[in-house]
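Accompanying notes for the structure given below.
Values quoted throughout were computed directly from the atomic coordinates according to the rules given, and no laboratory measurement underlies them. Keep in mind it's a predicted model, so treat the numbers as computed, not measured. Cβ coordinates were reconstructed from backbone atoms using ideal geometry, including for glycine residues, and neighbour counts include every protein chain displayed.
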Amino acid sequence: MELNPMQVALNTVRTLRLELMQLIIEIGEGVKEDGSQTDTKDNRYMYSMNEMVGKLGLHMRDLEQVVGSLSSPPGAMLLYNTSFLTQESTSDRQALYTPLVSSHKWLDKVHKFSSNAVQILSHNSLKKSYYNSSTNKKKRQQSSLHNISPQAVDVLLTNIDRMFPDMSITITRPCASNVVLLVGLSRVLQAIISFKGVMIEWVIVKGFNEPINPNSLQQELWQESRYHVFRKITDHANAAMLHFSSPTLPDLSVRSFMTWLNSYLILFNSVCKACGNRLLNAYPPTWRDLRSLDTYHYECKP
């Protein structure tokens, strides 16, 4: 009796599984001790392994040929004689029909959803070129705030210097055209402000009596103040710098930050607007409101 292709494929899979199991057992046992010479045992073991691997290759090739000759099922699977399971009188077999029907229904749904997915994906190619050709996206405009001419930056900083008589601004360019400012605020503090074009990148605040070398401001940017109060103000200044940053109005951004920094002129004479005290935990009011410039202790700020 000639077997159909499905039966041949199942028999080939069974044979392939047995051969693979035998190979794994032989590998696990290793070279067997039978009293002969070591070289002879190794050669015999390698020959056995090569023979088993060769058989696996032959069975794998046979399986590929048999699977290639199989045809996909034309549609949903029928129950055939399994429908008679409901007529069983044995209680153990009566419960088989319900889960079997559920399994077939689940397979039918999978087949249906798969067919729908193939149709949808075939009409909508998920290629990048498809979306590029079907949609016209606006390209993001590149910011040019870091490409402003040094003359324009100097004019802006000079005008800001004239706005605050108690503030002195020294313009240096240790790195090509980018500005590093040394700002002195009376006898209260000093600030080193690094620019990228007209954008403020970093701020460091120190006491007015701390030595700062104007010729090495780039190195001074990485050295914190030795006073805790000015370390706090450094953190506040960088937060304010990010708050005032505006790509559309860079001039206003710099002016707003310098106005905020100028409010520290009365750092040690101001009173906290919330608690009414000059000192809290041995600190003066180090926080300035970003809109009203009111003085607060950091713990009291709204």
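Table for the structure above
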item: Listed residue pairs exceeding 29 Å between alpha carbons, taken from Lys206/Lys273; Lys32/Lys55; Lys232/Lys273; Lys55/Lys112; Lys196/Lys273; result: Lys55/Lys112; Lys196/Lys273
item: Gain in span if fully extended, Leu107 to Val188, counting 0.36 nm per residue against the direct Cα distance; result: 21.2 nm
item: Loop-resident sites, the range 213-296, for trypsin sites (Lys or Arg not before Pro), counting at most 11 other Cβ within 10 Å (DSSP); result: Arg226, Arg291
item: Translational diffusion coefficient (Stokes-Einstein; Kirkwood radius from C-alpha pairs) of the range 150-265 at 25 °C, 0.890 mPa s, in µm²/s; result: 174 µm²/s
